[in-house]
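K.L.:
Here it is, the structure, as structure tokens.
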Amino acid sequence: MYGGGNTFEKLKTKSVKDEDPEKLAEFEARIARGEKIEPSDWMPDLYKRQLIRMIEQHAHSEIIGALPEGTWVTRAPGFKRKLALMAKVQDEVGHGQLLYSAAETLGKSREDMIDDLISGKSKYSNIFNYPAFTWADSCFISWLVDAGAIVNQLANSKGSYGPYCRALDRICIEESFHLKYGHHCVIHMATGTPKQRQMMQEAIDRWWPPMMHFFGPSDKISAHTEILMKWKVKMASNDECRNQFLDMYVPKIWELGLTIPDPNLKKNEETRKWEYTEPDWDEFKRVINGDGPCNKERLAVRAMAEERGRWVRKALLNPKSKYVTPLA
Amino acid sequence: MKSLDPRLNRVDIYKYQQELKPKASMDQFETYEVFVRAKDGKAMQHEGIVHGPNKEMAFLFAKEQFSRRGACVDLWVALTSDLMVSPISDNEENIYDLVQLEVDDGGTTEAYEVFHLYKRGKHHQYQGSLQAKGFHDAYQNASEVFNDGKPVLNVWVIKKADLLCSTDEDRVIWSTLSEKTFRDAIAYKALDKIKKFKEEQGTGNKL
Amino acid sequence: MNELAIKELLFKMADDQLILGHRNSEWNGLGPILEEDIAFCSMAQDKIGQSLAFYSILHEMGESDPDKVAFTRNAGQFHNCHLVELPIGEYDFSLIRHFLFDTAEYLRFQSLTNSSFTPIAEVAAKIKGEIQYHVLHANTWIKQLGTGTDESIQRMQKSLNMAFPYALGIFEESQYEGDLLSENIFEGEHILRERWIEEVDRVVGQTELILPDLAAEEAHLGGRIGEHTKHLQPLLDEMSEVINIDPNAEW
């Protein structure tokens, strides 16, 4: 699971104009031909750094994303839901592992990435800073937040970096049941008892604003990302992804008789684009910088998992072992 | 501060943040490359890595990370640093044609396992085993034995002795994999429910 | 065949698996190593899947459907041993419990593949591979942490000391042991316990850990007849919190 909303800020890195022009041309030609870049290829500093940041954020999002749904793991109603939710949360941890591994091929160690997550230096998808108050909230997350993540993942799976694409292929295969499971849960809630319907509607009302933030700031106010598009690091604009999501899922929400708390939400039949109330981007900024309802708890939980597990890792660590960058 | 997650209310999650010590650099496990064969007849293929303290643990981890879905009949793990890697060529170029390695005569003959990458973005695939006196020797032998003209982009070679491979007896650990239908999209059909709901809404009381 | 004896056997096995699977799922997303988190969760899913298989046999024998049986009984109606209902503690306790319990499971199911009651024999044969992995996992961890650092050895020893008398409660005998044996349904808890002690001793012997003295330990009994620790009811309340919002709804 992954959210857009990456703010590609300037990094202290070798500027593109300082790179070897011949190598750069070869590199860009390879990408233009549609070929993947593999770890041992030459790549410009900026490409490497931006990829690490992006893949790392995606990995952190998976690990943190396991927590709101994890809230309901012990309370899932019935065998089918219990098994499915356990498998889903497990997949999220697994996807985090796959993504850290892909980022590791670029030279950053998993340890450093986890340290940066816990210290707050690295970001993760903002939507997971919100609380999952009820079972219906977990259903919303399982269906619609996953749906959003899949929109992003499908776009990025056509990107240029081999290890990231391979990780995304595997993730997409495993995620296919997440979406169906989530939708299945929401359908049951929406078509169930009045109490279930009400719970589901309230969850939608709560989660819709963060969901609209999910794909990141509107293109109008986003940082310029032309070179990242050229290098197939960023594959689609935030607004494009958001629009695709709305197109695919708003009708499915409405067909269940559920409402969406945005009176301006409608599809413009002429432009074929969805119109909506502009999300509050100040709130987005506030929350992603640490001031959201669950930020502290999410990071505390990761810190706890690390610290509580320290004695385990210490007991297993072989002092003679030497970590090297993985191959693919 | 109470959490919505009952599991977290049974632990003092905040006390650990105070105890956070900076980690020793490289305070982590080595990586192991993982290879999986989904079915008999299909190629053994590289899937990814696991971090682990040793091969036995890496095997346990690899089994869950890379074979908890789909099918699996064979699983291999190898320490990343035990794999020797050739340079990489462009698509359509055969690395065997571009790169020849100097072989020195010495070293004991043993089995080496060879993997090929045929296209950027795809997975390395197992070609087979051959006898050689060293990695360069293995590569040169592979360029004769496993090079059938199809362009090979990248070659990995490892000593057979460095691989931890599952055995035929181990195959039973995957025998119930196909029954975990709760992990399959196909187990979540609900079109009937939606249809029924729409019908009821359609015929519902209109005031 | 003695149907009551069979049902009791099924209930206790299914209840053990459900409660332990549930406990182990509490580590989901919170484990000490990412890869281990993933592995531990798979095994928890296996346990719950196994309990479902046994509740399904019970359903065929006239009991309510598995969801009802698992999610609406109270503590006094459960037949799991005390070991599985204890809180997860730290990872050393959970691993020790995993080792002690799964070793017994492996031996139990090895025996049950020969059961004269076909439905059980079939399930036992089918899940053999899963339990084989569980035991491999447990043994590997016990050996690693039981020989690792002073701290890991100390922690594992403490947990082993604490868990051992509870583990003995796995083998609490049923009033139907005689029937189960004479009808070839199950070889019985007595012989299972003997095999278990031998196997546990063998594995622990490969570490710096010391197995508690059998003669000095008193088993925690009562679980099989519905007498539980204070931990079970809160566990069940949590497990059924959502389903209890409306037990007749479809979730």
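The values are calculated or read from the model by the stated rules, or taken from the named source; none is laboratory data. Everything numeric here is computed off the predicted structure, so don't read it as measured data. All Cβ positions, even for glycine, are placed from backbone atoms using ideal geometry, and neighbour counts span all protein chains on display.
K.L.:
Within the range A:102-114, track down each residue that is facing chain C (nearest Cβ under 10 Å) and either crowded, with 24+ Cβ neighbours inside 10 Å or at pLDDT 95 or above (or both).
P.N.:
Residue satisfying the conditions is A:Ile114 alone.
K.L.:
Considering only the range C:79-133, state which residues are outside any helix (DSSP H, G or I) and not polar (S, T, N, Q).
P.N.:
Hits for the range C:79-133 are C:His79, C:Cys81, C:Leu86, C:Pro87, C:Ile88, C:Gly89, C:Glu90, C:Phe117, C:Ile127.
K.L.:
Just the residues that are farther than 15 Å from A:Arg310 by Cα, not polar (S, T, N, Q) and not in a helix (DSSP H, G or I), please, taken from the range C:24-45.
P.N.:
C:Glu26, C:Trp27, C:Gly29 - these are the residues of the range C:24-45 that are farther than 15 Å from A:Arg310 by Cα, not polar (S, T, N, Q) and not in a helix (DSSP H, G or I).
K.L.:
Does A:Gln198 satisfy being over 14 Å from the mean Cα position of the chain (by Cα), among the polar types (S, T, N, Q) and away from chain B (no Cβ under 13 Å)?
P.N.:
Taking the combined requirement at face value, the residue satisfies it.
K.L.:
Scan the range B:177-191 for residues that are closer than 14 Å to A:Leu256 by Cβ and assigned to a helix (DSSP H, G or I) and report the count.
P.N.:
Total satisfying the criteria: 1.
K.L.:
Please give the strands (runs of 3 or more DSSP E) falling wholly within the range B:64-176 in which 3 or more residues are more than 23 Å from C:Leu136 (Cβ to Cβ).
P.N.:
Answer list for the range B:64-176: B:110-117, B:125-132, B:154-159.
K.L.:
Residues being among the charged types (D, E, K, R) and under 20 Å from the mean Cα position of the chain (by Cα): count how many of those fall in the range A:203-234.
P.N.:
Count: 4.
K.L.:
With A:Ala203, A:Ala167, A:Ala149 as the choices, which residue is in a helix (DSSP H, G or I), touching a residue at least 12 places away in the same chain (Cβ under 8 Å) and within 8 Å of chain B (Cβ to nearest Cβ)?
P.N.:
A:Ala167 is the lone residue from the list that is in a helix (DSSP H, G or I), touching a residue at least 12 places away in the same chain (Cβ under 8 Å) and within 8 Å of chain B (Cβ to nearest Cβ).
K.L.:
Still on this structure, please answer the following. Filter the range A:271-305 for residues that are assigned to a helix (DSSP H, G or I), within 14 Å of another protein chain (Cβ to nearest Cβ) and modelled with pLDDT of 90 or more and give the result.
P.N.:
Correct list: A:Asn295, A:Lys296, A:Glu297, A:Arg298, A:Leu299, A:Ala300, A:Val301, A:Arg302, A:Ala303, A:Met304, A:Ala305.
K.L.:
How many of the residues making up the range C:203-247 are β-branched (Val, Ile, Thr), more than 14 Å from chain A (Cβ to nearest Cβ) and farther than 30 Å from C:Ser152 by Cα?
P.N.:
Total satisfying the criteria: 1.
K.L.:
Let me ask something additional. Which residue pairs have Cβ atoms under 6 Å apart, sit 6 or more places apart or on different chains, and have a first residue in the range A:246-264 that is touching a residue at least 40 places away in the same chain (Cβ under 8 Å) and a second that is part of a loop (DSSP other than H, G, I, E, B)?
P.N.:
Correct list of pairs: A:Asp262/A:Tyr276; A:Asp262/A:Thr277.
K.L.:
Within the range C:55-86, which residues are within 12 Å of chain A (Cβ to nearest Cβ) and not β-branched (Val, Ile, Thr)?
P.N.:
C:Tyr55, C:Ser56, C:His59, C:Asp65, C:Pro66, C:Asp67, C:Lys68, C:Ala70, C:Phe71
K.L.:
Same structure, new question: Do the conditions hold for B:Met84, that is, is it aliphatic (A, V, I, L, M), out of contact with any helix residue (DSSP H, G or I) (no Cβ under 7 Å at 6 or more places or on another chain) and more than 10 Å from chain C (Cβ to nearest Cβ)?
P.N.:
no
K.L.:
Something else: Out of the range A:82-140, which residues are closer than 23 Å to A:Glu174 by Cα and among the polar types (S, T, N, Q)?
P.N.:
A:Gln90, A:Gln97, A:Ser101, A:Thr105, A:Ser125, A:Asn126, A:Ser138
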